[in-house]
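The values are calculated or read from the model by the stated rules, or taken from the named source; none is laboratory data. As the structure is a computational prediction, the values presented were derived from the model and not from experiment. Counting neighbours? That spans all protein chains shown, and the Cβs are built from the backbone with ideal geometry, glycine included.
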Amino acid sequence: MIRTTCFSTLLTAVLFLLNGTSPASAQTLPAAEVDSLTRLVSITGDDSIRGRALNKLAFHYTFNDMGKALPLMNQGLQEADRHGLLFGKAELLNTKAIYFDVRGEKDSARYHFNRSLAISREHGFRSIEVMSLNGMGLFLWKSGLFEEALENFFAALEMNETHFPDRKESRANYLSNIGLIYQELRQFDKAIGYHEQALAIRKELDLINGQAISFANLGACYRHLEQFSVAEQYYVQAIEKTETAQNWRMYYSLHDNLANIYNLTGRTDEAIAAYKKSLDRPPQVGENPKSDLSTYINLASLYNKLKQPRTAMEHAARGFGILEQHPQLYNFSEGLHYAIAESHYMLGNIDEGSRHMQHYRALCDTLFSQENARSLAEMEKKYETVRKDNTILQQQQTIQQKELEIQKRTLWSVMAVAVVLILSGFLFYLFRRKEAIARQAALELRLAEQKELARVQEERLRISRELHDHIGSYLTLMSASVEQLQGENGHAAKFRELQDHLSITMRELRKTVWLLNRQQVSVEEITVRLRDFFKPLHQNGTIIRVTSEGNTEVNLTEIQSTHLFRIVQEATSNAYKYASCSQISVHLRVEEDQKLCLRIEDDGKGFDPGKAVSGNGIRNMKSRMEELHGELDIRSFPGKGTVIDGCFELKNTHICV
């Protein structure tokens, strides 16, 4: 059994010509027409005519000699800008988008399609808009976004029927593309209906290249329905038409499809020859990674059937190489995973085979779920409803035209009644609007009052915690010192110590007030305040260095600065009191004006974090850093000191205390 991907029977790059403005056969122009257009570009003085000629030549070379296409498009766009030819610019942008999509440059293709659509819609260029909608649909289809692609195709078809009913060729193109999406979704009966409609129009207009496309797509449908003899007839007709039209890109791609029929009907040698013919594409035809991926999948499956798993794996490896270069094709790789899974099973690599089989099943479940089919059916129903509504609307317009003649006789009386109704409605609107404004003002006033009450309560809680956590610690020291005065000599020294504690407390109180009164504090100001705060500790032999780097003029919010100050204060006080250290380093670093990092490091005796019991100080530091939406890391080893690291985002100013 052949395990090919659904796209192995579809045509991709060749369909980008189906844009509603150029004939399908224009994808590959006869040599005489190419020469004629080239001479026209060099001799004509009409900027508009030269622009159309450049566009047509660029489109031809996109599918035949890509190296010549881009300079022609760029020349046309420069002239369009110089002479203000917006229509020509929109048309050339669409062609350039097709060029990039054929090359597989997705971002550039999407960008140019969107530019073409924007100019077309802004200036009412409906013919270019419908062309770009179709091109964008093909781009989305190649990217595996089937539902979005179908939306674009239906929109293009609707615009064609509404604004360009005489453009039958364009209608055939859009019908064909809709059929292709249903092929991708394995709804082949529905796809055949759209392809037959397209083929009938192309035969009527004698469009050789368009007929080749329809024959190929019908062959794909019948092949999946296992009507192989019918499918083979369509493929043979398609190859003959592409050779007549000199559409070599499609010509080589179709040999992969014909090879599948040979394979399915037991003609192995013919199948291998046709697969290799598909890959034996001259360089000037250009890359066709999607078609090549399909061929490598089919060759791998065939060699597995011939019990040659190692040869199969060689072709599968080439397929995976294409996926590495074109990852957007991953959604079409389920057959590749199935083929290489078979090879691994045959070689005894059970685990590797199971891994690829899981990829195969996951891709099948994702791409062709019933939910997608239902949503697409709803979209088609929506399109049919819109078309019926348009028909009804046209009928209504005819009736209204007749009624208009009767209404003219009573026009003045109707106008008088209308004026009265309008004035009444306007007065009623003014009355209701005043009521609504009054209600809105009352509501905003109540909300403002509640917001102010909440803000005041929040501020009280925050200040309460600040005073409790920091001024309270110094008052505790004072209490302990007073208790020690009882029953001891040397009261004068104790009182001096008590006086020192009181001085520290007052200084700390002033710093707290300073922090609370500032809405914004720079990193430089925080650095200076910390140095000032730690000066008294230097007198006891401990050296505390406070440094900063980066853009220290960056401001912190009131809450950020308070939390930062208290974290540093708590960490440094712990090191000073318990670590028996001689040096403490506090370093603040601003990273790209977006993040503030701090490091507090001492050379003290350290401790074992696994055995230590976290006190209130450590909990408070971590709690403050969490409120800053940052992280705090404490690392310490006995005899090796302690390092505290923390970072938080400066832009996050919405922090609750």
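At a glance:
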{"quantity": "Any hit, the stretch 639-653, residues being farther than 21 Å from Val523 by Cα, in contact with a Gly (Cβ under 8 Å, 6 or more places away or on another chain) and surrounded by 14 or more Cβ atoms within 10 Å (Cβ to Cβ)", "calculated": "yes"}
{"quantity": "Total residues in the stretch 575-588, condition surrounded by 20 or more Cβ atoms within 10 Å (Cβ to Cβ) and either within 47 Å of the chain's Cα centre (by Cα) or free of Cβ contacts under 8 Å to residues at least 60 places away in the same chain (or both)", "calculated": "3"}
{"quantity": "Test: residue in the stretch 545-562 that is under 17 Å from Arg589 (Cα atoms), outside any helix (DSSP H, G or I) and more than 47 Å from the chain's Cα centre (by Cα)", "calculated": "yes"}
{"quantity": "Flag if Ile119 is under 30 Å from Leu323 (Cβ atoms) and β-branched (Val, Ile, Thr)", "calculated": "no"}
{"quantity": "Members of the stretch 139-170 found to be free of Cβ contacts under 8 Å to residues at least 40 places away in the same chain and not acidic (Asp, Glu), listed by number", "calculated": "Leu140, Leu145, Ala149, Asn152, Phe153, Ala155, Met159, His163, Pro165, Lys168"}
{"quantity": "Qualifying residue in the stretch 599-622 (condition: under 39 Å from the mean Cα position of the chain (by Cα), farther than 20 Å from Ile544 by Cα and either assigned to a loop (DSSP other than H, G, I, E, B) or modelled with pLDDT under 85 (or both))", "calculated": "no"}
{"quantity": "Single residue of the stretch 290-321 satisfying the filter (among the aliphatic types (A, V, I, L, M) and under 16 Å from His356 (Cβ atoms)) that is surrounded by the fewest Cβ atoms within 10 Å (Cβ to Cβ)", "calculated": "Ala317"}
{"quantity": "Among the candidates Tyr252, Tyr234, residue that is out of contact with any Lys or Arg (no Cβ under 7 Å at 6 or more places or on another chain), assigned by TED's automatic domain parsing to the domain that holds Leu133 and part of a helix (DSSP H, G or I)", "calculated": "Tyr234"}
{"quantity": "Pair list, Cβ < 9 Å and 6+ apart or interchain, from the stretch 245-262 residues that are under 12 Å from Ala231 (Cβ atoms) to residues that are β-branched (Val, Ile, Thr) and outside any helix (DSSP H, G or I)", "calculated": "Asn260/Ile2; Asn260/Thr4"}
{"quantity": "Residue within the stretch 231-238 that is more than 39 Å from the chain's Cα centre (by Cα), under 27 Å from Tyr174 (Cβ atoms) and β-branched (Val, Ile, Thr) present", "calculated": "yes"}
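Residue by residue, here is whether (1) in contact with a Leu (Cβ under 9 Å, 6 or more places away or on another chain); (2) touching a residue at least 24 places away in the same chain (Cβ under 8 Å); (3) small (Gly, Ala, Ser); (4) loosely packed, with under 13 Cβ neighbours inside 10 Å holds:
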position	(1), (2), (3), (4)
Val523	yes, yes, no, no
Ile526	yes, yes, no, no
Arg529	yes, yes, no, no
Phe533	no, yes, no, no
His538	no, no, no, yes
Ile544	yes, yes, no, no
Ser548	yes, yes, yes, no
Val554	yes, yes, no, no
Glu558	yes, yes, no, no
